[in-house]
Amino acid sequence: MRLLRTVFFAFLGLAATRLDVHAADDARRPNFVVIFCDDLGYGDLACFGHPTIATPNLDRMAAEGMKFTQFYSAAPVCTPSRAALMTGRLPLRNGMCSNKRRVLFPDSKGGIPAAEITIAEALKASGYATACVGKWHLGHLPQYLPTSNGFDHYFGIPYSNDMDRVNDGPKGREAFWNPEVRYWNVPLMRNEEIVERPADQTTITRRYTEEATKFIRDNKDSPFFLYLPHSMPHVPLFRSPEFADTSRRGLFGDVIEEIDGSVGQVLETLRELQLDDNTLVFFTSDNGPWLIFDEQGGSAGLLRDGKGSTWEGGMREPTLAWWPGQIRPGSVSRDVASTMDIFATLHALAGIDLPADRVLDSHDLTPVLQGTGPSSREALFYYRAYQLMAVRRGPWKVHLMTQDAYGPGSREPQKHDPPLLFNLDHDPGEKLNVADKNSAVIQMLLAEIAAHQATLVPAASELEF
Ligand code: MG
């Protein structure tokens, strides 16, 4: 009996020790928040140079953290960009792009393939609490929803806020100039259920923020991953009553200033719970501004063109990273980086091995964030659906093809032989083609492309059925 008791208490002690170790590990493992806007331009924040939009919370985030001046989305449009963020892989590797349909639509039957490993799945398997609050757009059928792809919780709209257009509203783009909620029959979902339809978009940013801060509070004692993809500032634009007509930039400015307020609440919640020195927060966007919407679309600032295009304005995003105690306040990274790099970065910081059975396009940004060295990323590939349009290495960007941003007047893709070449360090606006004087640089970039394409196995499109 005595022996049994000894064994029993020894077992309890061992179990307790294990729990303590696990708890201690968890206490050290950082939390992650990824705030992802929709169609935000490079020039739409005060801390990236906008003259009339006020973004005091994002400005403070930049002052306390790191500003990335050369950070890119993986595609110039929504669904492919989000798939790449979630998987650390170019959209054509997982079939989340199409030459026929830009994104998933309410009649689509496809979505993110089950064989893909999302960052949420990796973190959840390693003990993280996970939530997706906002616009998903990686498939709205049950098997594709966030709760089937590594997220414990989901609250948001499954696709874009301009879908499910009703027929009795104003025609064409007219509906966007004075948008009313009832013109778009978009569902709002909680986990797998539709809880509101049409989603009341006038309060959607506020409600996302409430949901996000509640998730942080509910999970303050465990490591967590919060993915907060705002529906805004994708048109149609809506904002809560307290932000109506407050910005000098008009409706678009109101929307950005509400997102700024949301960021402020998220960071304040982390400070209040004393999680700020153990939480890495990224702020960025899925693609550049949707320029055909005139005043309702954003601005790429000094960059050329916008959403849909592989000119810089379509894919370079205003990006911030914040982690008090780990990131030097007020630092600026001019390294070329990608939303796809978040995948490897979060794996590294959470102590999870990267999947070894697939090609990744993701580079760990930890040395950049902690100021210990450069990113290992050497090249950046610009795709429009399955078409490789351009590649960047160092300051050099070569365009094999170009196409204007989405719009009624957008021209057919133009092939360039010889390719166009720009020095983005000298000419971020891509105005001066310097191909004539730099044929050796072009040869180097063409070799880079050949090496990239030699290993590439594009997957069948998930967007075409
Ligand atoms: Mg978008």
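Entry note, the chain: the mean residue ellipticity at 222 nm calculated from DSSP H runs of n ≥ 4, each adding -39500 (n - 2.57), is -8500 deg cm²/dmol after division by the residues and rounding to the nearest 500. Partner lysines whose Cα lies under 22 Å from the Cα of residue 220, excluding those fewer than 8 positions away in the same chain, are identified as 124.
Projected onto planes of every orientation and averaged, the convex hull of the alpha-carbon atoms in the chain covers 24.5 nm².
If you scale each eigenvalue of the Cα gyration tensor by 5 and take the root, what three semi-axes come out for the stretch 354-465, rounded to whole angstrom and sorted largest first?
The three semi-axes for the stretch 354-465 are 25, 22, 15 Å.
Of all DSSP-defined beta bridges confined to the chain, some 55% are antiparallel rather than parallel. Surface composition of the stretch 95-178: carbon plus sulfur atoms hold 53% of the accessible area, using a 1.4 angstrom probe and ignoring ligands, DNA and RNA. What is the distance in Å between the Cα centroid of the stretch 407-465 and that of the stretch 117-187? Each part reduced to its Cα centre gives a spacing of 32 Å. Multiplying the residue separation of residue 244 and residue 464 by 0.36 nm and removing their Cα-Cα distance gives an extension gain of 75.3 nm.
Please list the helices of the chain that count as membrane-span-like by this rule: a mean Kyte-Doolittle hydropathy of at least 0.0 together with Cα atoms stretching 15 Å or more along the helix axis, each helix being a complete DSSP H run.
2-28, 251-272, 439-454
Using a cutoff of 8 angstrom between alpha carbon atoms and counting only pairs six or more residues apart, the relative contact order for the chain works out to 24 percent.
For the stretch 381-454, the share of accessible area belonging to carbon and sulfur comes to 52 percent (1.4 Å probe, ligands and nucleic acids excluded). Filter 135/214; 100/431; 100/135; 135/415; 100/307 down to the pairs with a C-alpha to C-alpha distance above 25 Å, please. Flagged as over cut-off: 100/431; 135/415. So with the 1.4 Å probe, I'd like the accessible area per residue for the stretch 343-394, rounded to whole Å². Accessible area per residue, the stretch 343-394: 39 Å².
The values are calculated or read from the model by the stated rules, or taken from the named source; none is laboratory data. Keep in mind that this is a model prediction, so the values were computed, not measured. Side chains included, ligands, DNA and RNA excluded: accessible areas come from the protein's heavy atoms. Shrake-Rupley method; radii C 1.70, N 1.55, O 1.52, S 1.80 Å.
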